[in-house]
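Chemist: One structure is given below, represented as structure tokens, and several questions about it will come after.
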Amino acid sequence: MFSKIKYDLPASIVVFLVALPLCLGVALASGAPLLSGVISGIIGGIVVGSLSSSHTSVSGPAAGLAAVVLASITQLGNFEVFLMAVLLAGIFQFVAGISKLGFIANYIPSNVIKGLLAAIGVILVLKQIPHAVGFDRVHQADFTFLQKDGENTFSELLNIFTYFSWGAIIISILSMLAMIYWDKTPMKKVKFFPASLFVVIFGVFLNFIFGKFIPSLYIDPSHLVNIPAFEGINSLINTPDFSSISNYSVWTVALTIAIVASIETLLNLEAVEKLDTHKRQASPNRELVAQGIGNTLSGLVGGIPLTSVIVRSSVNINAGAETKLSAILHGIFLLISVLILSPIINLIPLSSLAAILILTGYKLANVALFKNMYKKGLSQFVPFLVTILAIVFTDLLIGVIIGLFVSIFYILKSNFKNPFVLQNEVLHFNETLRLELPNQVSFLNKASIKDTLWSVPKGSKVIIDASNTDYIDHDVIEDIEEFKSTISIERDIKLNIIGLKDQYQLKDHIQFVNVLDKEAQEKLTPDEVLDTLKKGNARFLTGDLTEKYLKHQVNATSFGQNPFAIVLSCIDSRTTTEHIFDLGLGDIFSVRIAGNILNEDILGSMEFGVYKIGVKLVVVLGHTKCGAIAGACSNVKLGNLTGLLEKINPAIDSEKTIETDRDGSNLVFVDKVAELNVHKTMDRIRNESSLIAEYEKEGKIKIVGGMYSVETGCVTFFS
């Protein structure tokens, strides 16, 4: 942690300077003692900072809780009783953390988180402009749209024309220019002295110059940081009223604070992770434990509730913080400032801090972010924009809830439109409607799935495929059961349901199997069969294979066979024809022999298939890197294999393009001979079988050749 101290120390000073007036302001807005906000900030920095796994999040009293705290103190009627509620709220958060309830953070859409960040940026700019010009009627920590003085964010901007301080304007403008152009100066190399720290020191120095030489520009104490004087430990610490633990209202307030503080913390934690340049993740459960311990301690010593705070965290990141040491040190500086440094801290102009916050706000809500979100489409941009507007015009928690509702609307819309893959499959020229369900099928998918199933035409074939599905909501299971038991029967729809697991209480349901019957076989043309093989090989190459139901095809083909093609291929293990053409049982006669050669027995088998069975296509299929062809090229002598390989010699003799290295070691030569061997075999079929030749002349069948690439799996056909 201390290895990055040269970055963390200056960043902690900047965060401390920003956090100090915010702590006081939140306490003031909450109707609590001013120093209770500083106590909360100290604990948030030192205790929560030490226990949290976040590297850049900074905790302290949050403006989003001010209204809850004010209402709670009013309801309980006593600050000490309220402290008891804060203590209990911390215990609730601790229990939530060890119960691992932080998973809720994973379900917050990124467009809402980005909207939260941008909204904070917009609010920082709008709320800090009055402080930048010296109009400090509203405290820096008031981030709500409707202010306690009856004004709102926009009317407050108009009021700056009624009163402003030229000294504050000069300091804020020069401070912003210094930060904007800091990276273009040699000072950018001095990592332990960031621009934001410079502008604070510069603001104090410049105001000192104004007081000495230009009194009209001097900024009076009403526009400076104001820490109450430390009057002893009793003025700093309050203890809870333990006797109020039996008060039902205390428990109600404690639960309310725990819920609101936890949600706001988890939201900010997600947002901080997106700002972190290293994109480091923090455990939300550990964060709840840390916040719980922090709030328990805060309630014990007189502090108001704390959360992770996005304003301080974003300032921390922009100031160059690398580890949690920055947050811890900022808490230590808060403690020191209350005890001994208040006279020095009270010299800092609020306009200097306003300049830091305005530029922080701009970085959170820059134009590029809006353009990027717009390019992602309306489903991302609309929730993002609504979240921004809702937070600006209400507060952080309400705005996020509104943004979540809009985001959920688009999620529902997306799930309704595309809950499954819907495609038409043509197997053996019978069209089948296939619904492939996704990994998770929730109730959000119910309407679309039901609309699709209920609109299936009469007499259709439907496959509901849940092979890749791990979860199906009970409501969807009921709809599928109703479609199976009622709709499909009444509309004469043949239905296959596959891939369902036992816990769904609905078994696989097979009513039809795509095997080739005699009627369909007779209607096929040779060109249609060839096209089927080409499409099957294309599916094989992409991995988009059709469901075969092989177990059911065994029974379906037991009553007869009606294949549409004969494939004479090599015995090579890489050329299993049913696989490379994405075929099922009963689709082809597969003849396999080394070198895909022809003899009388094979030719007789082909004639049987053509004349008796009615196949429409004869394919002679060779392949690259064929061992039998290589053996023949090298004139291998090996028992009965010798006579077999000699049948390949005509193809070897007819290869004239290669004059040297004409043996099995030359794979180019081997592949050329393999293709010639396919042509020779096709010619022999035509020349040696008058029956097959006659059928080809009449157009009843077609003889084609093909080469299978063992490198790619692709089959190239030729006549």
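The values are calculated or read from the model by the stated rules, or taken from the named source; none is laboratory data. Everything numeric in this text was worked out from a predicted model, so none of it was measured. Glycine also receives a Cβ, built like all others from the backbone with ideal geometry; neighbour counts cover every protein chain displayed.
Chemist: Being touching a Gly at 6+ places or on another chain (Cβ under 9 Å), among the basic types (Lys, Arg) and part of a helix (DSSP H, G or I) narrows it down to one residue among 371, 363; which is it? Let's see the steps before the verdict.
Modeler: Numbers: 371 fails: touching a Gly at 6+ places or on another chain (Cβ under 9 Å).
Going through 371, 363 in turn, the sole match is 363.
Chemist: Which of (1) closer than 19 Å to residue 463 by Cβ; (2) among the acidic types (Asp, Glu); (3) in contact with a strand residue (DSSP E or B) (Cβ under 8 Å, 6 or more places away or on another chain) does residue 544 not meet, given it meets every other one?
Modeler: (3)
Chemist: Out of 559, 581, report the one residue that is among the aromatic types (Phe, Trp, Tyr) and without any contact (Cβ under 8 Å) to a residue 40 or more places away in the chain.
Modeler: On the way: 581 fails: without any contact (Cβ under 8 Å) to a residue 40 or more places away in the chain.
The unique qualifying residue is 559.
Chemist: Same structure, new question: Identify the single condition in (1) over 21 Å from residue 581 (Cα atoms); (2) not in a loop (DSSP other than H, G, I, E, B) that residue 682 does not satisfy, given that it satisfies every other one.
Modeler: Of (1) over 21 Å from residue 581 (Cα atoms); (2) not in a loop (DSSP other than H, G, I, E, B), only one is false for residue 682: (1).
Chemist: Of all residues being loosely packed, with under 14 Cβ neighbours inside 10 Å and among the β-branched types (Val, Ile, Thr) in segment 183-200, which is modelled with the highest pLDDT? Just the residue, please.
Modeler: Restricting to residues being loosely packed, with under 14 Cβ neighbours inside 10 Å and among the β-branched types (Val, Ile, Thr), the top hit is 185.
Chemist: A follow-up question, please. Between 719, 654, 665, which is closer than 27 Å to residue 525 by Cα and modelled with pLDDT under 95? Lay out the reasoning, then the answer.
Modeler: Details: 654 fails: closer than 27 Å to residue 525 by Cα; 665 fails: closer than 27 Å to residue 525 by Cα.
Testing whether each residue is closer than 27 Å to residue 525 by Cα and modelled with pLDDT under 95 leaves just 719.
Chemist: Let me ask something else. Filter segment 391-423 for residues that are outside any helix (DSSP H, G or I) and modelled with pLDDT under 70 and give the result. Working first, answer last.
Modeler: At the first step, the residues of segment 391-423 found to be outside any helix (DSSP H, G or I) are 394-395, 418-423.
Of everything in segment 391-423, those that are outside any helix (DSSP H, G or I) and modelled with pLDDT under 70 turn out to be 418, 419, 420, 421, 422, 423.
Chemist: Also: Starting from segment 143-165, keep only residues that are without any contact (Cβ under 8 Å) to a residue 24 or more places away in the chain, then list their pairs with residues that are small (Gly, Ala, Ser) whose Cβ atoms are within a distance under 9 Å, requiring at least 6 positions of separation or different chains.
Modeler: Partner pairs satisfying both residue conditions: 147/155.
Chemist: Quick test for you: out of 60, 77, 134, 121, pick the one residue that is more than 30 Å from residue 169 (Cα to Cα) and not polar (S, T, N, Q). Full working, then the answer.
Modeler: Numbers: 60 fails: more than 30 Å from residue 169 (Cα to Cα); 134 fails: more than 30 Å from residue 169 (Cα to Cα); 121 fails: more than 30 Å from residue 169 (Cα to Cα).
On inspection, the qualifying residue turns out to be 77.
Chemist: Which condition from (1) over 31 Å from the mean Cα position of the chain (by Cα); (2) more than 30 Å from residue 380 (Cα to Cα); (3) buried (at least 20 other Cβ atoms within 10 Å of the Cβ) is the one that residue 159 breaks?
Modeler: (3)
Chemist: Could you figure out which of (1) β-branched (Val, Ile, Thr); (2) surrounded by fewer than 19 Cβ atoms within 10 Å (Cβ to Cβ); (3) over 23 Å from residue 669 (Cα atoms) isn't true of residue 593?
Modeler: Checking residue 593 against (1) β-branched (Val, Ile, Thr); (2) surrounded by fewer than 19 Cβ atoms within 10 Å (Cβ to Cβ); (3) over 23 Å from residue 669 (Cα atoms), the one that fails is (3).
Chemist: Among what's in segment 374-388 and is without any contact (Cβ under 8 Å) to a residue 60 or more places away in the chain, assigned to a helix (DSSP H, G or I) and not hydroxyl-bearing (Ser, Thr, Tyr), pick the residue that is surrounded by the most Cβ atoms within 10 Å (Cβ to Cβ).
Modeler: Per the stated criteria, the residue is 382.
Chemist: Six or more apart or on different chains, Cβ under 8 Å: which pairs go from a residue in segment 77-96 that's outside the structural domain of residue 236 (by TED's automatic domain parsing) and at pLDDT 95 or above to one that's among the β-branched types (Val, Ile, Thr) and in a helix (DSSP H, G or I)? Could you list them?
Modeler: Between residues of segment 77-96 that are outside the structural domain of residue 236 (by TED's automatic domain parsing) and at pLDDT 95 or above and residues that are among the β-branched types (Val, Ile, Thr) and in a helix (DSSP H, G or I), there is no close pair.
Chemist: Counting only residues that are polar (S, T, N, Q) and over 20 Å from residue 616 (Cβ atoms), which one in segment 554-577 is surrounded by the fewest Cβ atoms within 10 Å (Cβ to Cβ)?
Modeler: 573
Chemist: Give me the helices (runs of 4 or more DSSP H) completely within segment 578-679, filtered to those with at least 3 residues that are in contact with a strand residue (DSSP E or B) (Cβ under 7 Å, 6 or more places away or on another chain), ordered by residue number.
Modeler: Where helices (runs of 4 or more DSSP H) fall fully within segment 578-679 and carry at least 3 residues being in contact with a strand residue (DSSP E or B) (Cβ under 7 Å, 6 or more places away or on another chain), they are 600-608.
Chemist: Filter segment 567-610 down to the residues that are within 23 Å of residue 638 (Cβ to Cβ), over 42 Å from the mean Cα position of the chain (by Cα) and among the charged types (D, E, K, R) and list them by number.
Modeler: Passing the criteria: 572, 592, 600, 601.
Chemist: Given the conditions (1) free of Cβ contacts under 8 Å to residues at least 60 places away in the same chain; (2) aromatic (Phe, Trp, Tyr); (3) buried (at least 24 other Cβ atoms within 10 Å of the Cβ), report the number of the one that residue 107 does not fulfil.
Modeler: (3)
Chemist: Take segment 64-79 and flag every residue that is surrounded by fewer than 24 Cβ atoms within 10 Å (Cβ to Cβ) and of a type in the set (Gly, Ala, Ser).
Modeler: Of segment 64-79, the ones surrounded by fewer than 24 Cβ atoms within 10 Å (Cβ to Cβ) are 67-68, 70-71, 73-79.
Across segment 64-79, the qualifying residues are 67, 71, 77.
Chemist: Give me a count of the residues in segment 553-567 that are touching a Phe, Trp or Tyr at 6+ places or on another chain (Cβ under 9 Å) and either closer than 30 Å to residue 625 by Cα or not in a loop (DSSP other than H, G, I, E, B) (or both).
Modeler: Number of matching residues: 5.
Chemist: If a residue must be within 24 Å of residue 411 (Cβ to Cβ), modelled with pLDDT under 80 and either touching a helix residue (DSSP H, G or I) at 6+ places or on another chain (Cβ under 7 Å) or assigned to a strand (DSSP E or B) (or both), how many such residues does segment 424-446 contain?
Modeler: 4
Chemist: So, in segment 245-270, how many residues would count as being farther than 12 Å from residue 307 by Cβ and crowded, with 19+ Cβ neighbours inside 10 Å?
Modeler: 4
Chemist: Specify the residue that is surrounded by the fewest Cβ atoms within 10 Å (Cβ to Cβ); the eligible residues are those in segment 499-529 that are over 24 Å from residue 459 (Cβ atoms) and modelled with pLDDT under 85.
Modeler: Step by step, filter segment 499-529, then rank; the result is 502.
Chemist: When the residues of segment 207-237 are narrowed to those that are small (Gly, Ala, Ser) and free of Cβ contacts under 8 Å to residues at least 40 places away in the same chain, which ends up surrounded by the most Cβ atoms within 10 Å (Cβ to Cβ)? Let's see the steps before the verdict.
Modeler: In the first step, residues of segment 207-237 are kept if they are small (Gly, Ala, Ser); the result is 211, 216, 222, 229, 232, 235.
Filter once more, keeping what is free of Cβ contacts under 8 Å to residues at least 40 places away in the same chain: 211, 232.
Values: 211: 14, 232: 7.
The selected residue is 211.
Chemist: Separate question: Mind telling me which of the residues 665, 709 ends up being small (Gly, Ala, Ser) and farther than 29 Å from residue 542 by Cβ?
Modeler: Details: 709 fails: farther than 29 Å from residue 542 by Cβ.
The conditions single out 665.
Chemist: Now for a separate question. Taking segment 682-719, which residues are within 55 Å of the chain's Cα centre (by Cα) and of a type in the set (Ser, Thr, Tyr)?
Modeler: Scanning segment 682-719 gives 708, 709, 712, 716, 719.
Chemist: Could you tell me how many of the residues in segment 627-642 are within 18 Å of residue 678 (Cα to Cα) and without any contact (Cβ under 8 Å) to a residue 40 or more places away in the chain?
Modeler: Qualifying residue count for the region: 1.
Chemist: Next question, about the same structure. Quick test of your reading of the structure: residue 52 fulfils all but one of (1) in contact (Cβ under 8 Å) with a residue 60 or more places away in the chain; (2) surrounded by fewer than 24 Cβ atoms within 10 Å (Cβ to Cβ). Name the failing condition by number.
Modeler: In the conditions (1) in contact (Cβ under 8 Å) with a residue 60 or more places away in the chain; (2) surrounded by fewer than 24 Cβ atoms within 10 Å (Cβ to Cβ), residue 52 misses (2) alone.
Chemist: Right, here's the next one. Consider residue 533 against the criteria (1) within 18 Å of residue 614 (Cα to Cα); (2) more than 40 Å from the chain's Cα centre (by Cα); (3) among the hydrophobic types (A, V, I, L, M, F, W, C): it satisfies all of them except one. Which criterion is unmet?
Modeler: (2)
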